[in-house]
Amino acid sequence: MARALVLLVLLVFVVDGIIAGGDHHHCCKNPPALNSTSGSGHVEEIGGLKAYVSGSLDSKLGILLVSDFFGYEAPNLRNLADKVAAAGYYVVVPDFFHGDPYTPGEDVLVWLQSHGTDKGAADAKQVIKALKYKGISAVGAAGMCWGGKVVGELAKSDDLKVIVMMHPSRVTVEDIKEIKVPISILGAELDKQSPPALLKQFEEVLSTKPEVDSFVKIFEGVDHGWTLRYDIGNKEAVKQAEKAHHYMLKWLSKYVKC
């Protein structure tokens, strides 16, 4: 009997490990070809981190973009930063991984041990502080995958005016219960990391918080990572990503204003 119990416990741990690893598989699909010179902005140090910066400080309105596992040199992410900057914002995309983004083939669970979202949130607070020191009067943030969890942590305080989560990773119902600022969650119909059923739970929790403006949308026919890790040669994929970008910018501009 005792032996059977031990075997059952071991089986639970093995299955749990397979599920955990399998969930993060979706965070690693379609890796971008990183390019340190991509985008029309520049790199500078902000809040102790290297960051890709696009736009003018004269706008006084800041947007923080928090990357997925692949970091701040992803061309599609930098192009999104340029797009948001063109709408009148000072956009910052920090290197939260300190030059060590996820590399395809790595054990993702091992990588996450030294690239936690808790550290990302702590670093982000320093970036926000630095932006305000530069004269930025209002800051909003959008996070994708890993970055969705980071902006969720930031939204548990008054550091930001608003957040957007896009195909978030590792966000829980308990996280959503603690959100204090307006939040938009853009999810994917085919996402296994944050499936529609989980996002519906998020929406239900937010509906009980009338003091927090919220918007949840599930995009049909797309998978985890569709807003960033799309093939620019695939017109339909580009169209779906740009649709999400439109919703993201619309929500941010609602609250990040003079």
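The values are calculated or read from the model by the stated rules, or taken from the named source; none is laboratory data. Source: prediction; values computed, not measured. Cβ coordinates were reconstructed from backbone atoms using ideal geometry, including for glycine residues, and neighbour counts include every protein chain displayed. With ligands, DNA and RNA removed, areas are computed over all heavy atoms of the protein, side chains included. Shrake-Rupley method; radii C 1.70, N 1.55, O 1.52, S 1.80 Å.
For every helix of n ≥ 4 consecutive DSSP H residues, a contribution of -39,500 (n - 2.57) applies; sum these over the chain, divide by its total residues, and give [θ] at 222 nm rounded to the nearest 500 deg cm²/dmol. Write out the running numbers ahead of the final one.
On the way: 8 runs with 109 residues, N = 258.
Result for the chain, helices only: -13500 deg cm²/dmol.
Set the bar at 27 Å for Cα to Cα. Now go through Lys119/Lys177; Lys161/Lys243; Lys134/Lys243; Lys50/Lys235; Lys129/Lys200 and name every pair that lies beyond it.
On the way: Lys119/Lys177 21 Å; Lys161/Lys243 23 Å; Lys134/Lys243 32 Å; Lys50/Lys235 32 Å; Lys129/Lys200 33 Å.
In this structure, Lys134/Lys243; Lys50/Lys235; Lys129/Lys200 lie more than 27 Å apart at Cα.
Can you give the local net charge around Arg229? Use residues other than it whose beta-carbon is closer than 11 angstrom to its beta-carbon, Lys and Arg +1, Asp and Glu -1.
On the way: positive: Lys29; negative: Asp68, Asp223, Asp231.
Its environment carries a net charge of -2.
Averaged per residue, what accessible area in Å² does the range 35-115 show with a 1.4 Å probe, protein chains only?
Values: 3160 Å² over 81 residues.
I get 39 Å² per residue for the range 35-115.
Rank Glu73, Glu236 by accessible area, highest first, at a 1.4 Å probe radius? Please report the intermediate quantities before stating the final value.
Numbers: Glu73 55, Glu236 95 Å².
The residues order as Glu236, Glu73, largest area first.
If you stretched the chain out fully between Ser114 and Ser56, how much longer would it get, using 0.36 nm times the residue separation minus the C-alpha to C-alpha distance? It would help to have the intermediate numbers written out before the result.
On the way: separation 58, 0.36 × 58 = 20.88 nm, distance 3.33 nm.
Gain in length upon complete extension: 17.5 nm.
List residues of the range 144-164, by number, whose backbone nitrogen lies under 20 Å from a label position 7 Å along Cα→C-beta of Tyr133.
Only 158-161 pass the distance filter.
Quick one: net charge of Cys28's neighbours, Cβ under 10 Å, K/R +1, D/E -1? Walk me through the intermediate numbers first.
Working: positive: Lys29, Arg229; negative: Asp68, Glu106.
Surrounding charge for Cys28 is 0.
Within the set of other residues whose C-beta is less than 10 Å from the C-beta of Gly135, count the net charge using Lys and Arg as +1 and Asp and Glu as -1. Could the numbers behind the result be given before it?
On the way: positive: Lys60, Lys132, Lys134; negative: Asp58.
Every neighbour counted, the sum reads +2.
How far apart, in nm, are two points set 7 Å out from the Cα along the Cα-to-Cβ line at Phe215 and at Thr37?
According to this spin-label approximation, the distance is 3.8 nm.
Antiparallel versus total DSSP beta bridges in the chain: what percent is that, nearest 5?
On the way: 9 of 33 bridges.
Roughly 25 percent of the DSSP beta bridges within the chain come out antiparallel.
Distance from a point 7 Å along Cα→Cβ of Cys258 to each backbone N in the range 113-146: keep the residues under 13 Å and list them by number.
Within reach of a label on Cys258: 137-138.
Please enumerate, by chain and number, the aspartates and glutamates with C-alpha under 20 Å from the C-alpha of Lys132, excluding those fewer than 8 residues away in the same chain.
Hits, sequence-local ones excluded: Glu44, Glu45, Asp58, Asp95, Asp123, Glu153, Asp158, Asp159.
Counting only heavy atoms of protein chains, what accessible area per residue, in Å², does the range 145-258 have with a probe of 1.4 Å?
On the way: 5130 Å² over 114 residues.
On a per-residue basis, the range 145-258 sits at 45 Å².
Relative contact order, percent, of the range 137-258 when contacts are C-alpha pairs under 8 Å separated by at least 6 residues?
Numbers: 238 pairs, mean separation 30.4, N = 122.
Relative contact order for the range 137-258 comes out at 25 percent.
Working with all protein chains in place, sort Cys145, Cys258, Cys28 by solvent-accessible area computed with a 1.4 Å probe, largest first. Kindly include the intermediate steps, with their values, before the conclusion.
On the way: Cys145 0, Cys258 140, Cys28 25 Å².
Solvent-accessible surface, decreasing: Cys258, Cys28, Cys145.
Per-residue accessible area for Trp111 at 1.4 Å probe radius, Å² rounded to 10?
10 Å²
Computing the accessible area with a 1.4 Å probe over protein heavy atoms, can you report the carbon and sulfur percentage for the chain?
Exposed carbon and sulfur together represent 56 percent of the surface.
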